[in-house]
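A.B. asks: Here it is: the structure, laid out below.
The values are calculated or read from the model by the stated rules, or taken from the named source; none is laboratory data. Since we're looking at a predicted model, the values are computed, not measured. Using ideal geometry, Cβ is built from the backbone for each residue, glycine included, and neighbour counts are taken over all protein chains shown. Areas reflect the complete protein model, heavy atoms only, side chains present, ligands, DNA and RNA absent. Shrake-Rupley method; radii C 1.70, N 1.55, O 1.52, S 1.80 Å.
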Amino acid sequence: MSTGIGDDHIGNLDALTRDLDAIESITAAALSDTPIDHAAAQRITSTPTELTHAELTAHHRRLREDLGWGEPEWADILDPIALARLDEWRATQRLPWERGDLVVVGVSGLIGALGNLYDNHVDAAVLGGLSLLKNSDLLRRWEKQTARLPIDYTGPKFGGPAHRVRSAGHDIGRFFAALKQIRTGTFEGTWWEDGRQVIEQVTRTRSGLPFAQVREPHLAVALLLKHWAADFVTPMSLPLPGWTLLYEMPNADLRKFAHDAYAGTNSGDGLNLRSGVLTPGLGMLATEIVIRTHTHLDAYRSTGTPRLSTATTAKRTEMLLAAHAAAGAISLSKTAAAAIAGETVVAARHLDVPVLMRTGMLALKARSDAAARARAGAPSWEQLLADEAATWTLPEAITIADLLTDPHADSAPPPRMDPTTL
């Protein structure tokens with residue numbers, strides 16, 4: 001049974017445990033006037049003394065071979081409580097990486113890195129696939145059913161190709177704000193003039209027709225989701241969740257950044273829900289599949305079950321962190337290079353948002369696993385010394401020590417012990 005502790009130490013502890021058991025058996029037999037085990041007594045009395053650790057280990061090995069004790073097991077040495085703590089300690093120990101783990105992390109990290117290096121090509125392929133959905137009968141029907149909704153207002157200060165970033169109606173992170181507009185039939189948006197915030201509410205289209213109004217919550221939700229689905233497959237897609245809040249901030253530079261990053265230099269090449277989440281998410285998903293498949297297959301080969309132990313799960317977290325960190329580093333490097341090359345704020349479209357967020361979450365998990373291992377570890381020598389020395393600070397122990405060193409101890413009355421402290 002592998003424990004992470006040297007076999008020599010286990011063998012020595014096992015032999016000493018057998019010696020202690022033999023001594024207790026001999027003592028009990030002598031006290032009860034029953035025959036003693038002379039072989040055990042001879043073994044104990046003939047044990048050499050003043051041995052070095054290496055000599056003691058060699059002596060115990062010879063005993064084990066001569067007496068046929070077999071391989072030492074922790075179950076023969078520890079009590080059930082100690083065995084349970086040992087099992088818990090084993091389950092939390094960090095597993096070293098093997099060569100196959102390094103290869104899998106390298107391959108999966110390369111997949112993520114290539115996805116970031118050629119993100120424009122990947123996104124173009126994704127957009128091509130979505131355009132087929134856009135021309136389907138289902139989405140065309142949804143587009144007609146959701147016509148004249150207030151969230152599609154494109155009047156002064158809210159129109160243009162990037163109108164979806166100028167209000168909450170197309171922001172999936174502001175679901176309830178968008179739903180309110182549909183239920184009330186009123187568009188609501190924010191713009192700034194001379195440092196003053198202006199909240200504009202509009203109830204009619206630019207042609208004078210009233211906006212569609214759906215008061216029933218379930219119908220309003222259905223219309224909103226259909227409208228978002230129809231818009232998601234277009235080149236401009238939808239803004240990132242919560243991105244429209246940046247356009248409502250009092251800082252003009254921040255508003256310009258939010259608008260320009262979404263608008264891009266051409267229709268659809270900015271940072272949106274498709275280019276910022278779906279496209280890079282494909283590379284992240286591929287990395288997750290490769291590493292997770294490897295760890296579960298490895299566990300199945302070792303234990304006969306694909307279920308991961310605590311230690312194996314912690315190793316999988318480390319592998320995922322390494323692979324995603326490599327892809328995230330490529331993403332940041334390409335974003336910086338594109339910004340220097342002249343793309344300015346539009347370079348934000350190269351950010352692999354899902355991978356960066358996933359990397360942060362995995363880093364926190366890896367730190368948590370390390371802290372759990374530290375808590376489950378054996379106490380330090382300093383802690384053991386402190387725990388043992390603490391018993392000698394008891395008042396009774398101090399009194400006994402004083403009596404042993406007091407020359408008049410024989411005439412002094414015996415110390416009174418408090419039974420509640422014993």
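A.B. asks: Just one of (1) in contact with a strand residue (DSSP E or B) (Cβ under 6 Å, 6 or more places away or on another chain); (2) open to solvent by 50 Å² or more (accessible area, probe 1.4 Å) trips up TYR153, so point out which.
C.D. replies: Condition not satisfied by TYR153: (2).
A.B. asks: Determine, yes or no, whether LEU139 is farther than 22 Å from ARG349 by Cβ, modelled with pLDDT of 95 or more and crowded, with 17+ Cβ neighbours inside 10 Å. Before the answer, list the steps.
C.D. replies: Values: farther than 22 Å from ARG349 by Cβ: yes; modelled with pLDDT of 95 or more: no; crowded, with 17+ Cβ neighbours inside 10 Å: yes.
For LEU139, the condition - farther than 22 Å from ARG349 by Cβ, modelled with pLDDT of 95 or more and crowded, with 17+ Cβ neighbours inside 10 Å - is not met.
A.B. asks: If I filter the range 236-246 down to residues being of a type outside the set (Gly, Ala, Ser) and open to solvent by less than 40 Å² (accessible area, probe 1.4 Å), which single residue comes out as nearest to the chain's Cα centre (by Cα)? Write out each step before concluding.
C.D. replies: Our first condition is that a residue be of a type outside the set (Gly, Ala, Ser); within the range 236-246, this holds for 236, 238-241, 243-246.
In the following step, the residues that additionally are open to solvent by less than 40 Å² (accessible area, probe 1.4 Å) were identified as 236, 238-240, 243-244.
Working: MET236: 33, LEU238: 29, PRO239: 27, LEU240: 24, TRP243: 26, THR244: 29 Å.
Top of the filtered list is LEU240.
A.B. asks: Search the range 107-119 for residues being in contact (Cβ under 8 Å) with a residue 24 or more places away in the chain and of a type outside the set (A, V, I, L, M), and hand back the single one that is surrounded by the most Cβ atoms within 10 Å (Cβ to Cβ).
C.D. replies: GLY112
A.B. asks: Now for a different question. Looking at VAL233, VAL221, VAL202, VAL198, can you tell me which residue is over 38 Å from the mean Cα position of the chain (by Cα) and either more than 24 Å from LYS180 (Cβ to Cβ) or surrounded by 12 or more Cβ atoms within 10 Å (Cβ to Cβ) (or both)? Spell out how you get there, then give the answer.
C.D. replies: Values: VAL233 fails: over 38 Å from the mean Cα position of the chain (by Cα); VAL221 fails: over 38 Å from the mean Cα position of the chain (by Cα); VAL198 fails: either more than 24 Å from LYS180 (Cβ to Cβ) or surrounded by 12 or more Cβ atoms within 10 Å (Cβ to Cβ) (or both).
The conditions single out VAL202.
A.B. asks: Name the residues in the range 120-151 that are in contact (Cβ under 8 Å) with a residue 24 or more places away in the chain and acidic (Asp, Glu), would you?
C.D. replies: Those that are in contact (Cβ under 8 Å) with a residue 24 or more places away in the chain and acidic (Asp, Glu): ASP123, GLU143.
A.B. asks: Go through the range 232-254 and give me each residue that's in a helix (DSSP H, G or I) and closer than 21 Å to ALA338 by Cα. Write out each step before concluding.
C.D. replies: Narrowing the range 232-254 to residues in a helix (DSSP H, G or I): 232, 243-248, 252-254.
Hits for the range 232-254 are ASP253, LEU254.
A.B. asks: Moving on to the next point. Applying the selection to the range 1-53, what residues are open to solvent by 40 Å² or more (accessible area, probe 1.4 Å), at pLDDT 75 or above and of a type in the set (Gly, Ala, Ser)?
C.D. replies: Matches in the range 1-53: SER25, ALA28, ALA30, SER32, ALA39, SER46.
A.B. asks: Another question about this same structure. I'd like the full set of residues that are open to solvent by 40 Å² or more (accessible area, probe 1.4 Å), more than 21 Å from ARG141 (Cα to Cα) and in a loop (DSSP other than H, G, I, E, B), limited to the range 206-215.
C.D. replies: Kept after step one, since they are open to solvent by 40 Å² or more (accessible area, probe 1.4 Å), are these residues of the range 206-215: 206-207, 209-210, 213, 215.
So of that shortlist, the ones also more than 21 Å from ARG141 (Cα to Cα) come out as 206-207, 209-210, 215.
Passing the criteria: ARG206, SER207, LEU209, ARG215.
Matching residues to (1) surrounded by fewer than 11 Cβ atoms within 10 Å (Cβ to Cβ); (2) at pLDDT below 85; (3) of a type in the set (Val, Ile, Thr):
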position: ALA338; (1), (2), (3): no, no, no
position: THR359; (1), (2), (3): no, no, yes
position: ASP402; (1), (2), (3): no, yes, no
position: MET417; (1), (2), (3): no, yes, no
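A.B. asks: Okay, moving on. Hey, among THR305, THR287, which residue is among the hydroxyl-bearing types (Ser, Thr, Tyr) and either within 18 Å of GLY160 (Cα to Cα) or open to solvent by 40 Å² or more (accessible area, probe 1.4 Å) (or both)?
C.D. replies: Values: THR287 fails: either within 18 Å of GLY160 (Cα to Cα) or open to solvent by 40 Å² or more (accessible area, probe 1.4 Å) (or both).
Checking each option against the conditions leaves just THR305.
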